1. Could you provide, to the nearest whole Å², the per residue accessible area of the chain with probe 1.4 Å?
2. Per residue, what volume in Å³ does the Cα convex hull of the stretch 299-416 take up?
3. Quick check: the distance between the Cα centres of the stretch 192-213 and the stretch 74-135, to the nearest angstrom?
4. Loop only per DSSP, at most 10 neighbouring Cβ atoms within 10 Å: give me the GluC sites (Glu not before Pro) in the stretch 86-163, ordered by residue number.
5. Compactness ratio of the chain: Cα Rg over 2.2 N^0.38 Å, N = residue count?
6. Whenever you get a sec, compute what percent of the accessible area on the stretch 100-152 sits on carbon and sulfur atoms (1.4 Å probe).
7. Please sort 348-356, 56-64 by packing, taking for each peptide the average over its residues of neighbouring beta carbons within 10 angstrom, highest first.
8. Which value, in Å to one decimal place, does the Kirkwood hydrodynamic radius take for the stretch 130-193 when every pair of different Cα atoms is included?
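The values are calculated or read from the model by the stated rules, or taken from the named source; none is laboratory data. Please read all numbers here as calculations on a predicted model, not as lab measurements. Note that we place each Cβ from the backbone using ideal geometry, even for glycine, and neighbour counts take in every protein chain shown. Areas reflect the complete protein model, heavy atoms only, side chains present, ligands, DNA and RNA absent. Shrake-Rupley method; radii C 1.70, N 1.55, O 1.52, S 1.80 Å.
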Amino acid sequence: MADWDALWINGELATMAVGTDAYGTISDGAIAVSGDRIAWVGTKEDLPGQPDSLAAEVHDAGGRWITPGLIDCHTHLVFGGDRAREFEMRLEGKSYEEIARAGGGIRSTVAATRAADEGTLVEQAEHRLANFLAEGVTTIEIKSGYGLDLDSEVKMLRAARRLAADHPVTVATTFLGAHAVPPEFEGRQADYVDLVCEQMLPAVAKSGLADTVDAFCETIAFTPEETARVFETARRLGLPVKLHADQLSDLGGAALAAGFEALSADHLEYTSAEGVEAMAASGTVAVLLPGAYFVLGETQRPPIDAFRANGVPMALASDCNPGSSPATSLLLMLNMACTLFGLSPAEALAGVTRNAARALGLGDELGTLGVGRRADFVLWDIGHPAELAYWLGANLCAGVVWQGRPRAGDAPLRAS
Ligand code: DI6
Ligand code: FE
């Protein structure tokens, strides 16, 4: 006889496991939890006994859909200030590059982030995090990259770890020291790359504050050669890498990332056919960021058909940041990925579950509903999973289970 901690019955399960239909659907399903793990998944009919005899707690999902917990695999959630004024300037006709070259852009957020203490950064990020949590996000990646000196980068990473300690969410942290050249290194970009590689990366690796390393490879940021140096250093220190690649131009970022067996290459609007093939060969996930595409008024779409044809897994993320994607809704990204990039709703949902987990190197643990996997899942008041991508600005989340326990405080579990 099973002895589970909790059991949910009467759910329509979108397991997102590969093999059945696009959603891995199990109709009239049940899902059991022991500790923080999924202990059993299947149809109610196949349960090995009466629900009450199987688990200490039985929840009736009331016919709601249940999906894996949503995963936002690319955010810059922690930062100081905002850039609403630059948003106005862009509307007045200035380009993102012009604003960046004029000392605005990332650098203005760097000034605000350096000026804020850790507690302030945590507090400001909490407001944004609350929106993500209310929509069923159970795992979120958070990058540094607005400190650009060791102390400020460490402050950002600490703030990210504190968000994890204080809230019912899993946080994956990323060191993005090579995001921009800080003002004190103006005209000395090579010296800044030295600092990143020789001092910041070793110190960050030693601190254990970063799970992965990212860089911004772009004409307004770092060259492929500089990016490769950062990645070689990360590899030496045992940290996996990912890359902001081919967002504004094709510098061969996707292929570069693939050459370092990057977990993901992100943005990818200008990625070439060779880049796509290299990603397919290395198993690098393509992280699509429709929020930045939309806000920047970009017209060149990432090569979605080529990713499909080559079997490159596509993930989807908010890129929540103060400049190019002030987005605090992952569900909105599902809609944008469908309307702007032509993903199917099922591909979009896979992009914030199964493939997002892979993009974080957590594919063995998260992103699908299956026995032995982490018990992170969401109940939805919807009639079909395509609704998750269909509505603009509706939050139909009816409850969240994180690490096996109903999450209190944000989206209360309404099922009895
Ligand atoms: N690409 C982006 O879209 C963000 N960072 C990056 O490397 C933009 C960051 C910002 O403008 O603050
Ligand atoms: Fe980004």
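1. On the way: 15410 Å² over 416 residues.
Value returned for the chain: 37 Å² of accessible area per residue.
2. On the way: hull volume 16.1 nm³, N = 118.
Here the figure is 137 Å³ per residue.
3. 23 Å
4. Details: sites: GLU86, GLU88, GLU92, GLU97, GLU98, GLU118, GLU123, GLU126, GLU135, GLU141, GLU153; in loops: GLU92, GLU135.
Listed in order of number, the matching sites are GLU92.
5. Details: Rg = 21.1 Å, N = 416, 2.2 N^0.38 = 21.8 Å.
Ratio of Rg to 2.2 N^0.38 Å for the chain: 0.97.
6. Numbers: 880 of 1810 Å².
Of the solvent-accessible surface of the stretch 100-152, carbon and sulfur hold 49 percent.
7. Numbers: 348-356: 28.0, 56-64: 16.6.
Top to bottom by mean Cβ count within 10 Å: 348-356, 56-64.
8. Details: mean 1/r = 0.0769 Å⁻¹.
Its Kirkwood hydrodynamic radius stands at 13.0 Å.
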